[in-house]
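In what follows, a single structure is set out as C-alpha cells and then discussed.
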Amino acid sequence: MRHILRRILFYACAIWVAITLDFFIPRLAPGDPVAALVGKMSTKGYVTPAMQQTLAAEFGLNTHDSILVQYFRYLGNLLHGNLGNSIQYFPTPVFQIIGQDIGWSLMLGGVAVIISFTLGCLFGIITAWKRSSLLDTILSPAMNFLSAIPYFWLALLSLFIFAYLLNWFPLTGGSYDAINVDPGWSLDYIGSVIQYAFLPALTLVISSLAGWMLTMRNSMITTLSEDYVLMARAKGLSEGRIMFRYAARNAILPNITGFAIAIGAIVGGQLLTEMVFSYPGIGYALFQAVGEQDYAMVQGVFLIITLAVLGANFLADMLYAFLDPRVRVERSA
Amino acid sequence: MQTQEIIGPMGAAPIALPPTDPFYTRIQRVLLTIWHAFTASPRVAVGSAIVGFFILVGLFGPLFVLTLLTNVSLVLPALPLAIVLAAYFPRGPLTISLVIVFTNWSWQARVLRAQTLSMRSREFVTAARSCGERAWRIIFFEIFPNEIGIVVAGYVSTTIYVVLTWAALEFLGLGDGTIPSWGSILYWAQQAGALGGGLWWWFVPPGACIAILGAGLSLINFGIDEIADPRLRKELSPKKLRKVAA
C-alpha cells in the first residue's frame, strides 16, 4: 500500500512538472509569438492594428497580468479541457483536432506493438530454449543488426522500395484513400485503411522486434537456470509445458512492463513514423504545428503526449507491483 | 484608483495604490513592489524555480530532491520534449546540443546511481572509510574505477543515441538547415521530394552512413563489455589453448 501511495505521489509530481514546462517553454523563448502570427497572416492580406489586437487577445498574449496569474489561468483552463484554439485551423479548438488524430495513432501503434511484442517474445523463447542452434545463431545477430538501423532511414528506404519502385503501397500520406473510398464498415474502406497503414506498421514492427526478442531471450536464459525448471524436468513434464508454463511465465516480467511503456509510447505518437509516412496521427499533428508555428497546438499536443506516457508508465508500475510481489517490499530507488 | 509605475530591475511594473491609511499603504506598496519584481517576467520565474529547488533541498535533503529530479526527467518523453524545446529556441547546433543534454542526462545518472549504491556496502569501501579516507577520494579513487566499464559503455551508447537524435531533429527541420550534416541532407532531400522523384542517391548515402556509424559504435560497445566483464569473453578453443600454453 505504501508503495502504491509513493508511486501515485511521484506521478502527480511528474504531471505537475510536465504542465509547468509546457506553460513556461513558449514564454521563455526569445521572440514574439504575436509577431510571428501576424507575419504569417500578412502573407494572406493586410493586417490592421485592430486585427493584431484582437488576435493577441484571442490567444491570451496581450495580458499584462503577472506570470503567476497567467499560470493559474492556464491550469484552470486545463481542468476544463480547454487547450486553446489552433492557429492553423482557426477557430477549431485544439482538443477537437487532437481527438480526431489520436484514433489513427492508437490504431497504428496498437497493432504494431501487439504484433511485434507477440513475435518478439515467441522468438525470444524459442532462441533461448534452443540456444546455439541454427535458428539462434542466425536470428540473434540478424536482430542486433536490424535494431541498429536508424529508424527513419529504414522508413524512408521501405517507402522508396515498396511505394515508389514496386507501387504496392501509396506514396503520398493519409490514412485511407479519401478520393475513392468513403468511411464506413465496408470492405473497401477496411482494405484501404490496411493498405495505408501497412508500411508504417511494418517498419515499426521490424525496428522494435529486436528489442523484445533480445530482452526475452536474456531473461529466459536466466530463468532456465533456476531450480524449479530443473524440478519440472525431473517430474517428467513435456518440453513445451516447461517452456511455456514454467520458464516463460516468469521470464516475461521485464517484457510486460516494457509492453505497458510501449503502449504509452504509442500515444507518444510514433513521431518519426508519422512524419516520414505523413500518416495523420498525433505525431504528424505536432510536426505540422511546429512547422506552422501554431503555438497553441504544439503546447496542447505535447501536453497530451506527456500525460499519456506518464499514465502508461503509472499503469506499468501498478501492473508490475501486482505481478511481482517482491517489488512491494523493496524500497523504491 | 490611480496607478503608478514602479521602475524595478526587471522594468516597469504597474501597481495600484490603495486609498486612505498611510502606514498600511506604505507596507502594502513595498510588498506589492517586491511581489511584482518577483513575478514580472518569466525569466524571474525561472529564478524563483531555482530558489524553490534550494528550499526543497533544505527541507527534504539533497538526496531526495536529486533522486526525484532524475526520476521525473527519466519519465518525461524525450523526443516530444526535444522537439518542443528545439522549436521554440533559435535554431542552431548549440540549441540542439543543449536540448539533447536536457532531455537525456537522467538515464546514465540512474544507472550509475544504482551501481554506486551497490558498491557502497562493499568491504573495500568500508576499509577505506575506516582508514579515514575523505568521501570524495573514496568516490573517485575506489568506487569509480570499478564502474569504468559501465561509464565507457554508456558513453558509446550515448554517442549512438545523440547521433540518431541529432539526425532526427535535423530531419524535422529543427536544426540549422544551412549547416551541413547527415540529418540536414535528409531534410533537404525530403523538401526537394527526392523520394517521389526517385533520386535515391540523395537520401540513401546519409542514412547508410548513420547506420554504419551506429553499427560500428555498437560493436565497440560489445568489445568493451567483453573487457569489462570477463564472463562474456569467448572461451579459447583447445587448439588455441595449447598454443598459448606452449
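Odds and ends about this structure:
- Using only the C-alpha atoms, the convex hull of chain A corresponds to 197 Å³ per residue.
- Structure remark: mean-square fluctuation, Gaussian network model of chain A, C-alpha springs under 10 Å; the largest value among A:139, A:199, A:68 belongs to A:68.
- Most to least accessible of B:226, A:239 (protein chains only, probe 1.4 Å): A:239, B:226
- Whole-Hz ³J(HN,Hα) from phi, Karplus 6.51 cos²θ - 1.76 cosθ + 1.60, for segment A:165-173, glycine and proline x: 6, 9, 6, 7, 10, x, 8, 7, x
- Working from Cα pairs under 8 Å separated by at least six residues, relative contact order for chain A is 27 percent.
- FRET efficiency for the pair residue A:187 and residue A:95, taken as 1/(1 + (r/R0)^6) with r the Cβ-Cβ distance and R0 = 35 Å, rounds to 0.60.
- Stokes-Einstein translational diffusion, segment B:112-216 - Kirkwood Rh over all Cα pairs, 1.306 mPa s, 10 °C, in µm²/s: 93
- Estimated Rh, segment A:108-208: Kirkwood, alpha-carbon pairs, angstrom: 15.5
- Each pair of Cα atoms in segment B:63-129 enters the Kirkwood radius, and Stokes-Einstein at 37 °C and 0.692 mPa s then converts it into a translational diffusion coefficient of 235 µm²/s.
- Highest-fluctuation residue, A:170, A:141, A:93 considered, GNM on chain A with Cα pairs under 10 Å: A:141
- Rule-of-thumb Rg ratio for segment B:167-233 [Cα; 2.2 N^0.38 Å; N residues]: 1.54
- Amide proton proximity set for residue A:85, modelled H, under 5 Å, gap of 5+: A:94
- Residue-wise HN-Hα coupling along segment B:111-116, computed from phi with Karplus coefficients 6.51, -1.76, 1.60 (Hz; x: Gly, Pro): 4, 5, 5, 4, 5, 5
- Farthest towards the positive end of the charge dipole of chain A, among the residues A:170, A:104, A:202, is the Cα of A:202, using unit charges on the Cβ of Lys, Arg, Asp and Glu.
- Kyte-Doolittle at least 0.5, axis length at least 24 Å by Cα - qualifying DSSP helices, chain A: A:2-28, A:94-129, A:187-224, A:295-323
- 23 Å tail of the calculated P(r), segment B:49-176, as % of Cα pairs: 50
- Gaussian network model of chain A, springs between alpha carbon atoms under 10 Å - residue of A:232, A:247, A:112 with greatest fluctuation: A:232
- Dimensionless Rg over Rh [segment A:181-319; C-alpha; Kirkwood]: 1.14
- Segment A:196-276: projected area of the alpha-carbon convex hull, averaged over directions, in nm²: 6.4
The values are calculated or read from the model by the stated rules, or taken from the named source; none is laboratory data. What you see is a predicted model, and the numbers here were worked out from it, not measured in a lab. Quick reminder, even Gly has a Cβ in these numbers, built from the backbone with ideal geometry, and neighbours come from all protein chains shown. Side chains are part of the model used for accessible areas, which takes the heavy atoms of the whole protein and leaves out ligands, DNA and RNA. Shrake-Rupley method; radii C 1.70, N 1.55, O 1.52, S 1.80 Å.
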